Amino acid sequence: MDTILIEFLLLFTTPEALNSGLSDPRLVATLVGILVAISGALLGTFLLLRRMSLMTDAISHTILLGIVVTFMALLAIPGLEPDLSSPWLILGAAGAGVITVILTETLTRSGLVKADAALGIAFPLLFALSVILISRYIENVHLDTDAVIVGEIGLVWADTHSYCLAQCDPITITPEDPRAEVRRVCVNCTRGGIGPRDPEAIFEEECNNCGTYSAAEAWGARLIDTAPSLVYFPKALGVMSLITLLNLFFVIGFYKELKLSTFDPALARSLGLRPGLIHYALMFLVSVTAVGAFDAVGSILVIAFFIVPAAAAYLLTDRLALILVIAPIIGGFGAYFGYDLARGNLFGLQVNDLLVILDPILGLDGYTTWNVSISASMVIMLFLAFMGVWILSPRYGLIANSLRRSDQQRRFREQMILGHLANHPDQPEERALSTLHQHFGWSRWGMAWVIFRLRSQGAITIQDDLTELSESGRAALAAFRQVNLPHVTPQHADSVQ
Amino acid sequence: MLRSRAAIIAAVTLACLIALLAIGAWGFGIEYSYTLQTVAIGGGLLGLISGVIGSFGVLRQQSLMGDAISHAALPGVAIAFLIAGRELGALMIGAGIASLLGVYWITAVTQTSRIKQDTAMGIVLVSWFAFGIALLSYIQGRPDASQAGLDRFIFGQAAAITAEDVRLITVIGTGLLLITALFWKEFKLIAFNYEFAAANGYPVRFLDALLSLMIVITIVLGLQLAGVILMVGLLIAPAVAARQWVTGLGAMVGLAGVFGLFAGMIGSGVSALDVGLPTGPMIILIASLIVAIALLFAPERGVIAQWRRTHQTVSKE
């Protein structure tokens, strides 16, 4: 998988440039962050629509149980030295995620426990089991709590596989080889008995570095003079690329099934689309993504990459296909600018300057360097993106909503005045400009503004403190009645006072 | 009749508790040392309070609110630490303010947009938490680095509870129970018919905030002992178990308190005996066991009762 990726990348660049790019912490962290964001946002959209956002919270905690149990199972197999990047651990963790889902749904389906409480029972239980197993049986495995929660996205560039492109022949060192480090060892020497200089001493040649080396190992041990053409590829980048592609294929390949089983599971079932299977496939991929992102962003912050971009995109459009495009873009935005924020740069705004201002107020003891967790900063950027969308979205945003509401209020007020004037053609005291606001209980200025607008529209005329409905005002009123009060005849409306 | 059933189950649970303690003493020769007593009493009280407070969250179908607001407390803790240093009172006030802001944010988003409550809770949980983590890593970067012990706030530390902590739990817990009793009618109303309460002029926003604050305080109290995630479980499990046995609110809340007491005492007691077993997870295991028993054996609602009912109906036909 990585090899294909590298060959693809090498179509565009040289191995040297690729290596220097892949050892740039910023580039790798941003790339991994963007991949996590894309794969999370794709799946998170469906979780949001299925109202299962918090399932990610549960899954991201219970995958720990899967990791622990698989690790213990691997430990039990003799001759196998399990390490924490084994693919079995990913599968085991994903299995634990699916078990969480099944346990929660079994509890809910029994009808005895509501869905939220079922989740709240299932995942603390599984989490408790994993904590007990860890503290009881694998004490010597150091699980760094910080790494579990926050991840080490700033360091993923350093954990690499190497790939060889040219001069890749493995090197075999035999004792005859000039590069072999051969020393003669006395096999039958004993302390106080036969000494090395004794004629009876038997010597054997022992080779320290014999064996077969891959080109990378040979270069690392300086056994060859010319460097093989190597590419050092960060493990997390490879894993997340694979997971992103997997999610992409799943969402595109099963788009119809996913859409239908999300919006109308009953119809999906009757059409033979197996919504149950799709559901568990989705949950399996959520678990796999959570495990894959574990190293980079940790177990809690990964939730953000599922929930927040999808929620922001949901406030921008109604079309599922568009949400699936916008959500990864928002996620990528958060990952990209999050790195800057961690280093104290928020779109060119320096956080350090803010700290200098806050120093005398909060008592920061003059420590004004903002250099913080990268993954947390990415999540903060995602949150800021959500806030921006929530406020500014043209369709569902706060500003758009309040504009729409004030527009409706203005139009309603204008109709009220026009109707009032039409209802009192013979009572000048009802139409007096100076007292009109009292009839409605509005403020004088509010009334003045409505009158001003009506007058500039030409709907009313004003003569000596007396307001009068103009012809165009009458027409506007009639049009309003036709549209909004079709069953009320004007005569009837007039008689109601 | 139902009230008396609650009394019977509560009595049985308490009798089991005493019996277990006695078996421990005579059967296994466990000495009830001062430390063990302290830990068990602390755990029991915490379970009792969690059971009572958690009942309202479960009934309002906001069980996971505890999860969200307890994570949301982190930035408040970090800022309070920056301002006041490691002062438990200040940390709790910081936690309370941050969580309340989170609750208000959830309400604001769900009321003004089409984001549903579960999603809003998820956003607050992780965004506030991320902000807290960023602040924590800023604090850790400080040269004086006097931040040690702050991540205990997240995970809890097993069996390190002192008599001082137990006194604190007792005082604050009594306060929480008193508030519950004082606002009993109001809490009951918003648990079962929120709209009706709002329409009748009850200060529902205030009651919401009060209930959230009480959950935050309970969780902060329990952090030392159990850590965030497991406190979430302890707020939910006793209430769910109690709900299977009885139907009245009073009976349910009381029973949840007794179940919580049982799980807290036995769980923390067992873990204090053996260093290898962490406190919070043990409490959760016991609480889950109580839930399993309730789901299986509860009359009327339980799985076995349901099965027998359908079985009888089928055989009659």
- prompt: Can you tell me which residue in the stretch B:111-125 is surrounded by the fewest Cβ atoms within 10 Å (Cβ to Cβ), limited to those that are within 7 Å of another protein chain (Cβ to nearest Cβ) and within 20 Å of the chain's Cα centre (by Cα)?
  reply: B:Asp118
statement: Those residues of the stretch A:62-76 which are within 11 Å of chain B (Cβ to nearest Cβ) and modelled with pLDDT under 85 amount to A:Leu64
- prompt: Out of all the residues in the stretch A:393-416, is one or more surrounded by 13 or more Cβ atoms within 10 Å (Cβ to Cβ), touching an Asp or Glu at 6+ places or on another chain (Cβ under 6 Å) and not assigned by TED's automatic domain parsing to the domain that holds A:Phe347?
  reply: no
statement: Of the residues in the stretch B:222-259, those that are part of a helix (DSSP H, G or I), more than 14 Å from every other protein chain (Cβ to nearest Cβ) and within 25 Å of B:Arg301 (Cα to Cα) come to B:Leu249, B:Gly250, B:Ala251, B:Val253, B:Gly254, B:Leu255, B:Gly257, B:Val258
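Is it true that some residue in the stretch A:264-274 is more than 24 Å from A:Arg51 (Cβ to Cβ), more than 43 Å from the chain's Cα centre (by Cα) and surrounded by fewer than 14 Cβ atoms within 10 Å (Cβ to Cβ)?
No; the residues of the stretch A:264-274 include none that is more than 24 Å from A:Arg51 (Cβ to Cβ), more than 43 Å from the chain's Cα centre (by Cα) and surrounded by fewer than 14 Cβ atoms within 10 Å (Cβ to Cβ).
Quick test for you: out of A:Leu354, A:Leu364, pick the one residue that is within 13 Å of chain B (Cβ to nearest Cβ), at pLDDT below 70 and surrounded by fewer than 23 Cβ atoms within 10 Å (Cβ to Cβ).
Just one listed residue meets the conditions, A:Leu364.
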query: Out of all the residues in the stretch A:454-467, is one or more in contact with a Pro (Cβ under 8 Å, 6 or more places away or on another chain), surrounded by 12 or more Cβ atoms within 10 Å (Cβ to Cβ) and over 16 Å from A:Gln409 (Cα atoms)?
result: yes
- request: Just need a number here: residues in the stretch A:374-391 that are among the β-branched types (Val, Ile, Thr) and surrounded by fewer than 21 Cβ atoms within 10 Å (Cβ to Cβ).
  value: 1
query: In this structure, is B:Gly47 within 14 Å of another protein chain (Cβ to nearest Cβ), crowded, with 24+ Cβ neighbours inside 10 Å, within 11 Å of the chain's Cα centre (by Cα) and assigned to a helix (DSSP H, G or I)?
result: yes
- request: Output the residues belonging to the stretch A:221-248 that are surrounded by 13 or more Cβ atoms within 10 Å (Cβ to Cβ) and within 23 Å of A:Arg183 (Cα to Cα).
  value: A:Ala221, A:Leu223, A:Ile224
- prompt: So which of A:Ala17, A:Ala37 is within 14 Å of chain B (Cβ to nearest Cβ) and either in a helix (DSSP H, G or I) or not polar (S, T, N, Q) (or both)?
  reply: A:Ala37
- request: Looking at (1) modelled with pLDDT of 90 or more; (2) touching a Pro at 6+ places or on another chain (Cβ under 8 Å), find the lone condition where A:Gly334 falls short.
  value: (1)
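Test A:Val325 against the criterion of being in contact with a Leu (Cβ under 6 Å, 6 or more places away or on another chain) and within 25 Å of A:Leu392 (Cα to Cα), and give yes or no.
no
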field: Filtered residues of the stretch B:128-142 (kept if within 11 Å of B:Leu74 (Cβ to Cβ), at the interface with chain A (Cβ under 7 Å from one of its Cβ atoms) and not aliphatic (A, V, I, L, M))
entry: B:Phe129, B:Phe131
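With the condition kept exactly as written, say whether any residue in the stretch A:289-311 is touching a Pro at 6+ places or on another chain (Cβ under 9 Å) and either of a type outside the set (Val, Ile, Thr) or crowded, with 23+ Cβ neighbours inside 10 Å (or both).
yes
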field: Conditions (1) at pLDDT 85 or above; (2) out of contact with any Leu (no Cβ under 8 Å at 6 or more places or on another chain); number of the one not met by A:Ser85
entry: (1)
- line: When A:Ser261 is run through (1) out of contact with any Phe, Trp or Tyr (no Cβ under 8 Å at 6 or more places or on another chain); (2) buried (at least 19 other Cβ atoms within 10 Å of the Cβ); (3) not in a helix (DSSP H, G or I), the failure sits at (3)
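The values are calculated or read from the model by the stated rules, or taken from the named source; none is laboratory data. In this text the structure is predicted, and so the values were computed from the model without any measurement. Note that each Cβ is placed from the backbone with ideal geometry, even for glycine, and that neighbours are counted across all protein chains shown.
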